[in-house]
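This report concerns only the one structure given below.
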There are 2 protein chains.
Amino acid sequence: MKLKVDYNNMMKSSIGSKGIDDGFFADSAKAIDDAREKVNSSRGKGWQEWCESPYISKSELDDILSYGEQVRSKADSYVVLGIGGSALGAIAVNNALLHLRHNELPSDKRKAPKIYVEDNVDPERMNALFDVIDMKTAYFNVITKSGETSETLSQFLIIYDALKKAVGAKEAKEHIAVTTTIGKGTLYDVAVKEGFKIFGVGKGVGGRFSVLSPVGLVPFAVLGIDVKGLLKGAASASDSALEKDVKKNPALLSAALLVESMKMGCNINVMMPYADSLRYMSDFYCQLWAESLGKAVDNDGKTVNVGQTPAKSLGVTDQHSQVQLYTEGPFDKVVTFLAVEKYRNKCVISDLKEIDACDFLKGNTMNTLISAEFEATRYALMKANRLNFTVVLEEVNAETVGELLGYFMYQTAFAGAMLNIDTFNQPGVEEGKKATFAMLGRKGYEAKLAEVKAAPHTDKYVCGK
Amino acid sequence: MKLKVDYNNMMKSSIGSKGIDDGFFADSAKAIDDAREKVNSSRGKGWQEWCESPYISKSELDDILSYGEQVRSKADSYVVLGIGGSALGAIAVNNALLHLRHNELPSDKRKAPKIYVEDNVDPERMNALFDVIDMKTAYFNVITKSGETSETLSQFLIIYDALKKAVGAKEAKEHIAVTTTIGKGTLYDVAVKEGFKIFGVGKGVGGRFSVLSPVGLVPFAVLGIDVKGLLKGAASASDSALEKDVKKNPALLSAALLVESMKMGCNINVMMPYADSLRYMSDFYCQLWAESLGKAVDNDGKTVNVGQTPAKSLGVTDQHSQVQLYTEGPFDKVVTFLAVEKYRNKCVISDLKEIDACDFLKGNTMNTLISAEFEATRYALMKANRLNFTVVLEEVNAETVGELLGYFMYQTAFAGAMLNIDTFNQPGVEEGKKATFAMLGRKGYEAKLAEVKAAPHTDKYVCGK
């Protein structure tokens, strides 16, 4: 295990009465053990098929890697069409492991196609994409587990049509691969009929737990990201999550601390990485934490309306935006810092003789500065008696990123078990989907359309009309 | 006034007992009037100098516009060095009004330099910038109101050194402009000594209220953004904020509704635009709302630890990430939707005969789809009795964006007045700044360093060590 969790500032010893008592671990031993047992005994079963992702078969991995190499050699642009769990893992890992300005690098320095993850249906954004890619050298991955996601199917229809016009019907098929559930759904049927390359998503791998399945691995392979390193790190997180002693099991430990913070009135969890390379890890984490734990009923059918709202923040940037609120506002949040011990390169703050000022900065490095600001912010929160803990990565690389992803997924699964809810469903999004179908005039949704149209609305409550 | 606020779903008539009673406006009439009076009577005074931004003098504006034109004709890259209020306005407006893939467009289609707003001190990010810009054609704007911001001064030292090496000491001066308080601070002194072009920030214009001051206007002018349109829209918001009838004053109205939501237990305010062009408006809004309202004490010195935590979300993207929590989780949030009536272009979902599926999508447009999904999500939240209201822009353009910025600033000022706090200070960030100085060994901070080093910490609370 490379990842470290420093939870000093969650405890009374650091932040006084607003903190957690050391006795918590003894008092909660059974609840914590039960959660660990429940999650670990279900590995590979039902909706925990994601636990097996790090152990993908050699043949399946080889197929993904060779496909990636082949596309990488031909593609100038690589476009992922997907949304939610089909997009957030790729966005987070690409940003962490590729050059921070990847798409702007000249192709000889880039060594991989430009990457676009299209996770919205904004017409202005879709047209903007067409302005910067050349269909002749653009390759696409259409990702939807169900094979029915309206947003992704719409993008697919537009792209496939444009491809045919640009390179012809036969060649167009070569530019598209799909990642979906084998044998099921609209996208699968279309892919078989059209002869697209197909990658499968396991039946029990939910979208937000799919980053280490082909959903994420195919794009990573195309971009030349160290897939084996990612899986090795994830396997290490998987091993750590088996550890019986909560003090040695980071995912179980932070799950217990976060669930306790919820009971203490913290309904907000701020994710604050101190590295631009990790900024989209927050988006990945936010989906995982929000969609998994935000539930109306528990496993006994009791109405609980539980959930902790994740908030994205970035160090040091948001010290100048959010930290005022964190230190002085309500005692309603717990901050998770992501710290990096060693940045991948160095930047010296020039010691310009002619500038007769900034002596404490001159000759220092940005590395020292960002680390000092992280320590200072953590100290300021501690001094203001605010709950916070730090996940420490020794460096951002494939292995540590893989371990971080695994850690997040196990932490979420453990927390869901502690809350006695279904971590893996999302019934709350159905109403919106149905209403969308209704408004688009889909057959079978006439009653829903009538219902939506009958919603109360008065111009009396519209200002500016 | 072009902007509309639809607050049906804040009221009992739409969401039942979780909503606000129509009697609220009569009951709160005095508090609302007092807040309006307090803010409007202070326009242009003290920390409300920002209220005058839309009425910048012709000479000052001409200077900014001609400087912008001149840099635009020479620069291939334009880099803003700034953080917090010196960066977020530029990021939000650039993304709203430039092409969504601006930096990736070929220069003939771009018609303006590539834009980089560097608001962090991550060494990896700084080095990544050097990999994609050519110092010979890169121009810089160093922005810090106080002239003392460590992050920005560090960036300046690095950039100025690199510029001198690339183009020589004399030419380097031509590549740098600074925006700071005239006559005060380290950056001002350096700029005078080195002979940089200087733009001034008004004494009473705080960072998070400075987007329509030279802090934002200079970058906008360089990028060829319609500055006069922005100011016209902001002036319209300024006029609307004078309106005595709260039902006709959108900023006052939404401030009253949001403050009421806080009293009803909503300590979270989700900002959810349904347009990629507005996604960074959320970051601008989040600083404004968090830093202005997150305060420990009120104007009478009473400890209140007040504040509503802003959370960024994007439609439709986050329907697949956060909406599960919004509809089923705790009744602890109010959602502000930003809706667009007319997108700037159209994208037809191709009606491919050979795809025997997706009939309800084929032939439709993404415009219809994203609007239907917005309506459906708003409906689903309403049906789940969740507080939400919608700010409607007829289109995203300079005028509507300027009005939106003005609306956000007045809404914040009115809310601060209703909460009886100092909307314009940020005492909570001082501790972190001092601790940073201490850790960097700055003279005069020896005692603070000792204090920081004496902070309680035990390896017992570090997992993985």
Checklist line | B:GLU52 being in contact with a strand residue (DSSP E or B) (Cβ under 9 Å, 6 or more places away or on another chain) and of a type outside the set (Ser, Thr, Tyr) | finding: no
Check: If you scan the range A:194-211, which residues turn out to be under 14 Å from A:THR144 (Cβ atoms), free of Cβ contacts under 8 Å to residues at least 60 places away in the same chain and within 14 Å of another protein chain (Cβ to nearest Cβ)?
Finding: A:PHE196
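Name every residue in the range B:126-146 that is basic (Lys, Arg) and either open to solvent by less than 10 Å² (accessible area, probe 1.4 Å) or under 25 Å from the mean Cα position of the chain (by Cα) (or both), in order of residue number.
B:LYS145
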Next item on the list: For the range B:107-125, enumerate the residues that are farther than 26 Å from B:GLU174 by Cβ and open to solvent by 10 Å² or more (accessible area, probe 1.4 Å).
Entry: B:LYS109, B:GLU124
Next item on the list: Quick one: A:LEU361 ticks every box in (1) of a type in the set (A, V, I, L, M); (2) outside any helix (DSSP H, G or I); (3) surrounded by fewer than 19 Cβ atoms within 10 Å (Cβ to Cβ) except a single one, so which number is it?
Entry: (3)
Check: Quick check, is A:GLU375 modelled with pLDDT of 95 or more, over 30 Å from B:VAL190 (Cβ atoms), open to solvent by 10 Å² or more (accessible area, probe 1.4 Å) and at the interface with another protein chain (Cβ under 7 Å from one of its Cβ atoms)?
Finding: no
Notebook entry, point to check: How many of the residues in the range B:303-313 are within 7 Å of another protein chain (Cβ to nearest Cβ) and crowded, with 24+ Cβ neighbours inside 10 Å?
Noted result: 3
Notebook entry, point to check: Which of (1) at the interface with another protein chain (Cβ under 9 Å from one of its Cβ atoms); (2) open to solvent by 10 Å² or more (accessible area, probe 1.4 Å); (3) part of a helix (DSSP H, G or I); (4) under 30 Å from B:ALA96 (Cβ atoms) is the odd one out, the single condition B:VAL392 does not satisfy?
Noted result: (3)
Check: How many of the residues making up the range A:106-138 are under 17 Å from B:HIS102 (Cα atoms), among the acidic types (Asp, Glu) and in a helix (DSSP H, G or I)?
Finding: 2
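With respect to A:LEU369, is the statement that it is assigned to a loop (DSSP other than H, G, I, E, B) and among the aliphatic types (A, V, I, L, M) true?
Considered against the rule, which asks whether it is assigned to a loop (DSSP other than H, G, I, E, B) and among the aliphatic types (A, V, I, L, M), A:LEU369 comes out as no.
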Item checked: Selected residue (only one of B:ASP359, B:ASP283, B:ASP318, B:ASP351 is acidic (Asp, Glu), closer than 24 Å to A:GLU118 by Cβ, in contact with a helix residue (DSSP H, G or I) (Cβ under 7 Å, 6 or more places away or on another chain) and more than 7 Å from chain A (Cβ to nearest Cβ)) -> B:ASP283
Next item on the list: Can you tell me which residue among A:PHE130, A:PHE25 is within 30 Å of B:TYR343 (Cβ to Cβ) and within 12 Å of chain B (Cβ to nearest Cβ)?
Entry: A:PHE130
Notebook entry, point to check: In the range A:245-278, what count of residues is obtained for those that are open to solvent by 10 Å² or more (accessible area, probe 1.4 Å) and out of contact with any helix residue (DSSP H, G or I) (no Cβ under 7 Å at 6 or more places or on another chain)?
Noted result: 7
Next item on the list: Evaluate the range A:212-230: report whether one residue or more is within 12 Å of another protein chain (Cβ to nearest Cβ) and either open to solvent by 10 Å² or more (accessible area, probe 1.4 Å) or within 21 Å of A:ARG43 (Cβ to Cβ) (or both).
Entry: no
Note to self: Looking only at residues that are in a helix (DSSP H, G or I) and open to solvent by 10 Å² or more (accessible area, probe 1.4 Å) in the range B:410-427, which one is farthest from B:SER213 (Cα to Cα)?
What the structure shows: B:MET418
Next item on the list: From (1) at the interface with chain A (Cβ under 7 Å from one of its Cβ atoms); (2) in a helix (DSSP H, G or I), pick out the condition that doesn't hold for B:TYR326.
Entry: (1)
Next item on the list: With respect to B:VAL178, determine if the residue is within 21 Å of B:MET135 (Cβ to Cβ) and open to solvent by 10 Å² or more (accessible area, probe 1.4 Å).
Entry: no
Checklist line | Residue identified as closer than 21 Å to A:VAL392 by Cα and β-branched (Val, Ile, Thr) among A:VAL5, A:VAL39 | finding: A:VAL5
Check: Can you find a residue in the range B:86-97 that is touching a helix residue (DSSP H, G or I) at 6+ places or on another chain (Cβ under 7 Å), without any contact (Cβ under 8 Å) to a residue 12 or more places away in the chain, at negative phi and open to solvent by 20 Å² or more (accessible area, probe 1.4 Å)?
Finding: no
Item checked: Boolean, A:ALA384 is over 23 Å from the mean Cα position of the chain (by Cα), buried (at least 24 other Cβ atoms within 10 Å of the Cβ) and either under 15 Å from A:THR336 (Cα atoms) or not aromatic (Phe, Trp, Tyr) (or both) -> no
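The values are calculated or read from the model by the stated rules, or taken from the named source; none is laboratory data. Since the structure is predicted, the reported quantities are computational estimates derived from the model, not experimental observations. Cβ atoms come from the backbone with ideal geometry, glycine included; neighbour counts cover every protein chain shown. Just the protein is used for accessible areas: all its heavy atoms, side chains included, with ligands, DNA and RNA removed. Shrake-Rupley method; radii C 1.70, N 1.55, O 1.52, S 1.80 Å.
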